[in-house]
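Novice: So that we are looking at the same thing, I have put the structure below in structure tokens.
We did not get these values from a lab; they are worked out from the coordinates using the rules stated. This one's a predicted model, so the numbers in the text were calculated from it and none came from an experiment. Cβ: placed from backbone, ideal geometry, glycine included. Neighbour counts: every protein chain shown.
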Amino acid sequence: MSTTKSNTKSNTKNTAANTNEAVATTGEIVDFEKSLRELEDIVRKMEQGELPLEKSLEAFEEGVRLTRNCQTALQKAEQKVALLVKKADGEYTTTDFKNADND
């Protein structure tokens, strides 16, 4: 194994460890999953049509807030994603997820 490949694998492991630490400390993924479950519950209740108008409005407002939380969590997760790419010369490099289609 060449030094470049070895270093890249080491960097990838470090990045994964840092990502796991960030998730553990910020709880973004946990918050996303929780927000999504709560949003699904709100949608089910509203689809049943049994909520009074005031409760429907409150549920709608909460749904909007939860949707924004989910969107923010997904945007943050997308920013953290990097792809390992093998260049033409055989060396490996990382690139941002968004830039992968442009390569």
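Novice: Report ³J(HN,Hα) in whole Hz for each residue of region 58-74, in order, from the Karplus equation J = 6.51 cos²θ - 1.76 cosθ + 1.60 where θ = phi - 60°; Gly and Pro get x.
Specialist: Coupling constants for region 58-74: 4, 5, 4, 4, 5, x, 4, 4, 5, 4, 5, 4, 5, 4, 5, 4, 5 Hz.
Novice: For a label point 7 Å from the Cα of residue 74 along Cα→C-beta, name the residues of region 34-59 whose backbone N is under 19 Å from it.
Specialist: Label zone hits: 34-44.
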